[in-house]
Amino acid sequence: MTQRSNDLAVRLEAGAAALAQYAASLSDAEWHLKLPHDGRSVGVVVHHVARMYPLEIRLARTLAEGSAIEGVTWEDVHAVNAGHAIEFAGVDKATALAALLVASQAAAAAVRALTNEQLDRAAPVSLNADAPLTCQFFVEDHALRHSYHHLAAIRDAVEAARDWNRKAA
């Protein structure tokens with residue numbers, strides 16, 4: 001473990017913990033709230049973050065080895081997300097939060113195992129128009145950012161629903 005890899009892992013863990021803490025505080029109705037511009041429920045999105053960590057880490061390891069990420073498109077990502085939303089439409093809070101904890105811990109451990117040399121390796125990434133990206137950038141842009149990105153969307157949706165309910169009352 002290097003200082004850089006540990007710092008990345010700590011930031012990944014912090015994002016997952018913030019998402020878990022906020023999600024745990026939600027009512028049942030809020031857990032099932034559909035996110036605007038997304039259509040998935042809060043619960044499905046929390047479980048989605050957990051489910052994507054292994055894939056995001058596998059792709060980061062590909063770059064760490066100096067190999068390109070090939071053949072992965074945004075259409076593929078959308079298809080995986082749509083399938084996940086159907087399969088886990090009824091995911092309960094305990095299941096999703098447990099999955100988030102386990103997957104984020106495993107992802108953080110994998111990030112901690114990366115050397116500075118591996119973090120600095122760059123190769124083309126098909127998701128990004130074959131731009132040669134470093135492993136560190138990929139970790140930051142995917143596994144690390146993912147929980148923060150979805151937490152912001154969830155907070156916005158929940159707060160909008162709470163505001164609407166206050167006004168309607």
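The values are calculated or read from the model by the stated rules, or taken from the named source; none is laboratory data. What you see is a predicted model; the values in this text were computed from it and never measured. FYI the Cβ positions are ideal-geometry reconstructions off the backbone, even for glycines, and counts take in every protein chain you see.
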- Message: So if I check each of A94, A108, which one is surrounded by 12 or more Cβ atoms within 10 Å (Cβ to Cβ), assigned to a helix (DSSP H, G or I), under 21 Å from the mean Cα position of the chain (by Cα) and among the small types (G, A, S)?
- Response: A108
- Message: Would you confirm whether or not region 132-147 contains a residue that is modelled with pLDDT of 95 or more, basic (K, R) and either more than 18 Å from Y53 (Cβ to Cβ) or in contact with a Leu (Cβ under 8 Å, 6 or more places away or on another chain) (or both)?
- Response: no
- Item | Pair list, Cβ under 7 Å, 6 or more apart: region 60-84 residue assigned to a helix (DSSP H, G or I), other residue small (G, A, S) | A60/A143; L63/A123
- Filter result (surrounded by 14 or more Cβ atoms within 10 Å (Cβ to Cβ), part of a helix (DSSP H, G or I) and either among the aliphatic types (A, V, I, L, M) or touching a Lys or Arg at 6+ places or on another chain (Cβ under 7 Å) (or both)) within region 25-47: W31, V42, G43, V44, V45, V46
- Pairs, first without any contact (Cβ under 8 Å) to a residue 24 or more places away in the chain and over 11 Å from F138 (Cα atoms) in region 111-124, second crowded, with 16+ Cβ neighbours inside 10 Å and of a type in the set (S, T, N, Q), C-beta under 9 Å, six or more apart: none
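Across region 111-140, which residue is surrounded by the most Cβ atoms within 10 Å (Cβ to Cβ) among those that are in a helix (DSSP H, G or I), out of contact with any Asp or Glu (no Cβ under 6 Å at 6 or more places or on another chain) and not hydrophobic (A, V, I, L, M, F, W, C)? Steps first, answer last, please.
Start the filter on region 111-140 by keeping residues that are in a helix (DSSP H, G or I), which leaves 111-112, 116-120, 126-128, 135-140.
If we keep only those that are out of contact with any Asp or Glu (no Cβ under 6 Å at 6 or more places or on another chain) as well, we get 111-112, 116-120, 127-128, 135-140.
Checking the rest, the ones that are also not hydrophobic (A, V, I, L, M, F, W, C) come to 112, 116-118, 120, 128, 136, 140.
Details: R112: 16, N116: 11, E117: 11, Q118: 19, D120: 13, N128: 15, Q136: 23, E140: 17.
Restricting to residues being in a helix (DSSP H, G or I), out of contact with any Asp or Glu (no Cβ under 6 Å at 6 or more places or on another chain) and not hydrophobic (A, V, I, L, M, F, W, C), the top hit is Q136.
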- Verdict on A89 being of a type outside the set (D, E), exposed (fewer than 15 other Cβ atoms within 10 Å of the Cβ) and not in a helix (DSSP H, G or I): yes
